[in-house]
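Data first, discussion second: the structure below is written as structure tokens.
Readers should treat all values here as calculations from the given coordinates under stated rules, not as data from a laboratory. Model, not experiment: these values are computed from the prediction.
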Amino acid sequence: MTIHYEVHPLFPKPLYKTKVDVGLSKEAIDFILHQEMYENPSNSISINKNLLESPVLEKLNESIHVHLNIFLKEIMGAKDCEAYITQSWSLMNMPGHGMHEHSHSNSLISGSYYFTDMPEPGSDMVFNRYTGNQSRLKLNLDEEKISYYNMMNMPVQMEKHDLFLFPSDVSHQIEKNQSTEPRYSIAFNSFVKGKLGDYDYANLLILN
């Protein structure tokens, strides 16, 4: 007996990746690297949560905004609104340190940018299938049948000048830094301003 069936993707999550090289000056890189930091549960995060608003990072800020709005309008298909960065900060993962699993609240699109060479061996960003307290049934998977439809985690490698954008509710983590050098990055959240919803459906919301 021959069994016929079809498999269709159901609400896939987009991960946007591009290269952004605005020629950061030594002054700009020193500014990022010498931010005052405090200890997160598993890495270090800058006290400054408006990092990209600094004049020395103006070109990088402008370029990230261009890509945020491509993601918003071309990938998410939104109209009548514009994305803007709400907060941005620097991160440092020392040898042996990764970052715990988390997602970003009060944000629509989150992202990360890599302005230095990644230490070797690299530590990937790992995106997780489930968000928050969703049920996590773990089946024993046949290695020959692992696919996008059943895999629990998706590791992603990054290089210098990579910019990643993804929906803020997607759970993710950073693998432990297995090198002997610090791993640096910039992270940010964003939201939208403009018109959401529809007047006739009584769900119109205007954000300025």
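The table below gives the values:
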| read-out | value |
| --- | --- |
| Computed over the chain, the ratio Rg/Rh where both radii use C-alpha atoms and Rh is Kirkwood | 1.01 |
| Value of Rg to Rh for region 41-85 (Rh from inverse mean 1/r over Cα pairs, i.e. Kirkwood) | 1.11 |
| Whole-number percent relative contact order across region 91-204, with pairs defined as alpha carbons under 8 Å at least 6 apart | 50 percent |
| Global form of region 25-112, assessed from the alpha-carbon gyration tensor, a/c cut-off 1.5 | oblate |
| Within the chain, helix-based [θ] at 222 nm, where runs of 4 or more DSSP H residues each add -39,500 (n - 2.57), nearest 500 | -3000 deg cm²/dmol |
| Shape of region 94-182, Cα gyration tensor, a/c cut at 1.5 | oblate |
| Region 1-160, relative contact order in percent, only Cα pairs under 8 angstrom and at least six apart counted | 21 percent |
| Cα gyration tensor shape of region 143-200, rounded if a/c is under 1.5, else prolate or oblate by comparing a/b with b/c | oblate |
| Bins of 10 Å from zero: percent of alpha-carbon pairs in region 77-127 | 14, 46, 27, 11, 2 |
| Across 138/193; 17/193; 13/195, pairs whose alpha-carbon gap is larger than 31 Å | 138/193 |
| Karplus-derived HN-Hα couplings along region 153-162 (A = 6.51, B = -1.76, C = 1.60, θ = phi - 60°), whole Hz, x at Gly and Pro | 9, 10, x, 10, 8, 9, 10, 4, 6, 6 |
